[in-house]
1. Looking at region 52-67, which of its residues are open to solvent by less than 70 Å² (accessible area, probe 1.4 Å) and under 13 Å from Leu102 (Cα atoms)?
2. Need pairs with beta-carbon distance below 8 Å; first residue on the phi > 0 side of the Ramachandran plot and within region 43-56, second surrounded by 10 or more Cβ atoms within 10 Å (Cβ to Cβ) and modelled with pLDDT of 80 or more; sequence gap 6+ or separate chains.
3. Please give the number of the condition Gly54 fails out of (1) at pLDDT 85 or above; (2) not in a helix (DSSP H, G or I).
4. Just checking, does region 74-96 include any residue being assigned to a loop (DSSP other than H, G, I, E, B), of a type in the set (Lys, Arg) and at pLDDT below 80?
5. Scan region 78-95 and report the pairs whose first residue is more than 13 Å from Phe61 (Cβ to Cβ) and free of Cβ contacts under 8 Å to residues at least 40 places away in the same chain and whose second residue is open to solvent by less than 70 Å² (accessible area, probe 1.4 Å) and not in a helix (DSSP H, G or I), with Cβ atoms within less than 6 Å and a gap of 6+ or a chain change.
6. Give me a count of the residues in region 38-51 that are among the aliphatic types (A, V, I, L, M), in a helix (DSSP H, G or I) and open to solvent by 100 Å² or more (accessible area, probe 1.4 Å).
Amino acid sequence: MLRLSRKIYHIIIILFFIIDFALSADLVKWEEKALREKIVKDAKEYIGLEYRFGGISAGGFDCSGFVRHIYKINGIEVPRRSFDQYSKGKKIKMKKIKLGDL
């Protein structure tokens, strides 16, 4: 049976955790990308629906109602009013905007 020195054993354990962390980070990035793509896909399904002031359902949306609905069906809670959405949101520089950002 192969015996490893303590130092080599610790190096192997550390490498295992580094690889595990890297794979987990890639999975999170993949899941985030998939969610962003689904948000856009879901939003596109409503193209052609008439604007309805104060609307919060598939019978007609206003802008903030639409945003809230699309994010909600994707498991993300967003405030109802546009001012609240703006206040709760995080500012993103134009060069860093990703698919699904508002």
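The values are calculated or read from the model by the stated rules, or taken from the named source; none is laboratory data. Quantities reported herein were computed from a predicted structural model and do not represent experimental measurements. Note: ideal-geometry Cβ built from the backbone for every residue, glycine included; neighbour counts use all protein chains shown. SASA here: full protein model, heavy atoms, side chains in, ligands and nucleic acids out. Shrake-Rupley method; radii C 1.70, N 1.55, O 1.52, S 1.80 Å.
1. Answer for region 52-67, where residues must be open to solvent by less than 70 Å² (accessible area, probe 1.4 Å) and under 13 Å from Leu102 (Cα atoms): Ser64, Phe66, Val67.
2. Note: pairs meeting the criteria are Gly54/Asp62; Gly54/Gly65.
3. (1)
4. The answer is no, given that none of the residues of region 74-96 is assigned to a loop (DSSP other than H, G, I, E, B), of a type in the set (Lys, Arg) and at pLDDT below 80.
5. That search, which allows pairs on different chains as well, returns Gln85/Val78; Gln85/Pro79; Lys88/Pro79; Ile92/Asp101.
6. Total satisfying the criteria: 0.
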